[in-house]
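Handing you a structure now.
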Amino acid sequence: MALHITTYTGIDFKPLEPKAEEIAIEDIAHSLSLLCRANGHYEEFYSVAAHCINCYDEACARAQTTRVKLACLLHDAAEAYISDIPRPVKTDLSGIDEIESRIISFVYEKFVGSPLSEYELSAVKTIDDAMLYYEFYEYKGIRLFEEMPYVASSPLFYDDTPKQVERKFLEIFRELTGEALLKENERIKLRVKGDPLPEGVKFRLRVEEPTEAVFEEDD
């Protein structure tokens, strides 16, 4: 029997046996707002939640779909349950990638509506890496990559209080999980199934683009 952690809202969550019904956005927002990036080795506190918000802002600046914006906000959600493990450790920590992938897959299924496509995953990773580059340069003065990544936003690398960041994270989440997301997911279902479009709907969503949604006129 897998051991559990008790979350902020009182859920007994088993990281090795995750269940969608035990994943709560309140737990994710609260935990990530109190979890410091870089294992706490920056000169000041900068939370995982603040990083996720910067990723969301960058997705907005790139005119990404609602799904990609939401995925950017949630891409580190697994860290609410297994902490932010530094990349050099992850490389040699057997099984951790599978554990993290299993949790994040449940997060995406529950909150985004379906697994991300390869192109959506690529868009999120590109934004995540760009924010990491400028965040690391801001706090450590080190350039992680030879080429400076493109950014369309103006990321801010400082935190409000954890409670303020938590509140902002939840506000963004609730804004994104409204009607626009439902419409996008419905169009994706139509695209996948190949069903005829409903009367009055002229466009299908082509979800395979890595950077932005493309709408195709139906014949």
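The values are calculated or read from the model by the stated rules, or taken from the named source; none is laboratory data. Because the structure is a prediction, the values reported are computed rather than measured. Methodologically, a virtual Cβ is constructed for each residue, glycine included, from the backbone with ideal geometry; neighbour enumeration extends over all protein chains shown.
Do the conditions hold for residue 107, that is, is it aliphatic (A, V, I, L, M), outside any loop (DSSP other than H, G, I, E, B) and more than 18 Å from the chain's Cα centre (by Cα)?
No, not satisfied.
Give 146, 120 a once-over and let me know the one that is under 25 Å from residue 104 (Cα atoms) and not β-branched (Val, Ile, Thr).
120
What do you reckon, is residue 59 modelled with pLDDT of 95 or more and part of a loop (DSSP other than H, G, I, E, B)?
Spelling it out, it is not the case that residue 59 is modelled with pLDDT of 95 or more and part of a loop (DSSP other than H, G, I, E, B).
Still on this model: How many of the residues in segment 147-187 are exposed (fewer than 12 other Cβ atoms within 10 Å of the Cβ), more than 17 Å from the chain's Cα centre (by Cα) and of a type in the set (D, E, K, R)?
Count: 3.
Results for (1) within 22 Å of residue 76 (Cα to Cα); (2) at pLDDT below 95; (3) touching a helix residue (DSSP H, G or I) at 6+ places or on another chain (Cβ under 9 Å), shown as yes or no for each residue.
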| site | (1), (2), (3) |
| --- | --- |
| 112 | yes, no, yes |
| 123 | yes, no, yes |
| 131 | yes, no, yes |
| 184 | no, yes, yes |
| 194 | no, yes, no |
| 200 | no, yes, no |
| 209 | no, yes, yes |
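I'd like the full set of residues that are under 19 Å from residue 16 (Cα atoms) and in a loop (DSSP other than H, G, I, E, B), limited to segment 66-104.
Passing the criteria: 75, 76, 77, 78, 83, 84, 85, 93, 94, 95.
Please work out if residue 57 is of a type in the set (Asp, Glu) and over 15 Å from the mean Cα position of the chain (by Cα).
Considered against the rule, which asks whether it is of a type in the set (Asp, Glu) and over 15 Å from the mean Cα position of the chain (by Cα), residue 57 comes out as no.
Something else now. Kindly indicate which of 90, 69 is among the basic types (Lys, Arg) and either on the phi > 0 side of the Ramachandran plot or touching an Asp or Glu at 6+ places or on another chain (Cβ under 8 Å) (or both).
One residue alone meets the criteria, 90.
Quick check on my filter: what residues within segment 50-83 are among the β-branched types (Val, Ile, Thr) and farther than 25 Å from residue 11 by Cβ?
65, 66, 68, listed by residue number.
Every residue in segment 80-93 that is acidic (Asp, Glu) and either in contact with a Lys or Arg (Cβ under 9 Å, 6 or more places away or on another chain) or over 22 Å from residue 144 (Cα atoms) (or both), please.
The one that is acidic (Asp, Glu) and either in contact with a Lys or Arg (Cβ under 9 Å, 6 or more places away or on another chain) or over 22 Å from residue 144 (Cα atoms) (or both): 84.
Which ones in segment 137-162 are free of Cβ contacts under 8 Å to residues at least 24 places away in the same chain, touching a Leu at 6+ places or on another chain (Cβ under 9 Å) and part of a helix (DSSP H, G or I)?
If the condition is that a residue be free of Cβ contacts under 8 Å to residues at least 24 places away in the same chain, touching a Leu at 6+ places or on another chain (Cβ under 9 Å) and part of a helix (DSSP H, G or I), then 137 is the only one that fits.
If you check residue 38 against the conditions, is it in a helix (DSSP H, G or I) and surrounded by fewer than 20 Cβ atoms within 10 Å (Cβ to Cβ)?
In short, yes.
Does residue 90 satisfy the condition of being modelled with pLDDT of 95 or more and either among the charged types (D, E, K, R) or over 20 Å from residue 176 (Cα atoms) (or both)?
No.
Turning to a different aspect of this structure: For segment 41-56, what are the residues that are assigned to a helix (DSSP H, G or I) and farther than 21 Å from residue 117 by Cα?
48, 49, 50, 51, 53, 54
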